[in-house]
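All remarks here apply to the structure that follows.
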Amino acid sequence: MIVNPASDGGRTARAWPDIARRAREHGLDVDARLTEAPGHAADLARAALREGAELIVTVGGDGTVSETVNGFFAGGEPVATSAQLAVVMRGSGCDFARTFRIPKRTDAALAVAAKGESRTVDLGRVTYTGHGGGQETRIFCNISSAGLTGEVAERVNRSGKPMGATVAFAWGAIATFFGHRNIRFRVRIDERELDQISNNVIVGNCRYFAGGMKILPMAAPDDGMLDVLVWGDVGKLDLARNLHRLYRGTHVNHPKADFSRAVRVVVEPDSPVPIEADGEQPGVTPATFEVVPAAIRLRVPA
């Protein structure tokens, strides 16, 4: 059990001994290990898998889940192909779990971890320019993007989420858009190419991000494909009018929304723009997004 004590506004620090106890009551023989810094969850997961762990239960927010999933790989290769992941969400967004209907209530999530079904799902891989200037690669389990959402992620992570992820990301999107300027993007979606003024390119394996925004409503996490949304030259008034539709997933017919599926997406804007991966902001474009098919086994409700 990999526990982020800083998740849920720090409340997990006080709750984790009880969570571990309840996990044992559900029949899980857990060895709880606490994260101490950003990126530590990946190191803990990788070490546990090399020690022979058959199940990793991650306790924290979407960032902790993403780090833990990255720990299932080393040098781009899986550490233990038969190991499984279970998720006990303790964050404010809980977007990854929504697609799989993993309950947010801790006791119910522990029941899924103990007795849920095992589902083989895809992951995504994004290659980008890191903040240090070199090329970097990371796995994403939910959604990654380039453009406005990268700027929003940077703003939200800097200012925090005192009123929860939904309010933070909605306000962050509006506040960021006032100073944002859409630019020309060249986007190659498998063999199809787009060259246009765009606001954002969103690539994902799951459906929700930004605290419940149903941004890729048709995404299937086990179809061997990534879902892709290229937002065209959307204006400020247009965004304000349609923000509620993004949370309902009813924006699919918007005239400036280009939806497709692909195994590889290359994004090259005229100038570097921030990317976002599972809510984090690790670098800038150019970026290449690729599917990692049938990459991990996840415990989901029966």
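The values are calculated or read from the model by the stated rules, or taken from the named source; none is laboratory data. No experiment lies behind these values; they were computed from the predicted model shown. Using ideal geometry, Cβ is built from the backbone for each residue, glycine included, and neighbour counts are taken over all protein chains shown.
If you go through the stretch 123-144 and pick out every residue that is buried (at least 22 other Cβ atoms within 10 Å of the Cβ) and either polar (S, T, N, Q) or part of a strand (DSSP E or B) (or both), you end up with 10.
Put simply, of P274, P301 the only residue that is touching a helix residue (DSSP H, G or I) at 6+ places or on another chain (Cβ under 8 Å), at pLDDT below 95 and either outside the structural domain of T68 (by TED's automatic domain parsing) or surrounded by fewer than 18 Cβ atoms within 10 Å (Cβ to Cβ) (or both) is P274. Mind checking whether some residue in the stretch 252-262 is in contact with a Lys or Arg (Cβ under 6 Å, 6 or more places away or on another chain) and of a type outside the set (A, V, I, L, M, F, W, C)? Checked against the condition, which is being in contact with a Lys or Arg (Cβ under 6 Å, 6 or more places away or on another chain) and of a type outside the set (A, V, I, L, M, F, W, C), the stretch 252-262 yields no hits at all.
Screening T81 on (1) polar (S, T, N, Q); (2) surrounded by 17 or more Cβ atoms within 10 Å (Cβ to Cβ); (3) more than 22 Å from G249 (Cα to Cα) shows it passes everything except condition (2).
When R138 is tested against (1) assigned by TED's automatic domain parsing to the domain that holds P272; (2) on the phi < 0 side of the Ramachandran plot; (3) more than 15 Å from the chain's Cα centre (by Cα), just one condition goes unmet, and that condition is (3).
Meeting the requirement of 3 or more residues that are of a type in the set (G, A, S) and touching a residue at least 60 places away in the same chain (Cβ under 8 Å), the strands (runs of 3 or more DSSP E) wholly within the stretch 218-302 are 280-300. Just to be sure before I move on: is T81 more than 18 Å from I2 (Cβ to Cβ), modelled with pLDDT under 95 and among the β-branched types (V, I, T) in the structure I sent? Here the answer is yes, as T81 does meet what is asked. Hey, does the stretch 30-38 have a residue that's of a type in the set (G, A, S), within 23 Å of K115 (Cα to Cα) and over 18 Å from the mean Cα position of the chain (by Cα)? Yes, some residue in the stretch 30-38 is of a type in the set (G, A, S), within 23 Å of K115 (Cα to Cα) and over 18 Å from the mean Cα position of the chain (by Cα). Can you spot a residue in the stretch 7-22 that is loosely packed, with under 14 Cβ neighbours inside 10 Å and of a type in the set (A, V, I, L, M)? Checking the stretch 7-22: not a single residue is loosely packed, with under 14 Cβ neighbours inside 10 Å and of a type in the set (A, V, I, L, M). Restricting the stretch 50-78 to residues that are over 25 Å from P103 (Cβ atoms) and without any contact (Cβ under 8 Å) to a residue 40 or more places away in the chain, which is surrounded by the fewest Cβ atoms within 10 Å (Cβ to Cβ)? Out of the qualifying residues, it is G75. Within the stretch 35-49, the set of residues being among the charged types (D, E, K, R) and touching a residue at least 24 places away in the same chain (Cβ under 8 Å) comprises D43, R46. Taking the criterion of being touching a helix residue (DSSP H, G or I) at 6+ places or on another chain (Cβ under 9 Å) and modelled with pLDDT under 95, the residues of the stretch 216-234 that qualify are W231, V234.
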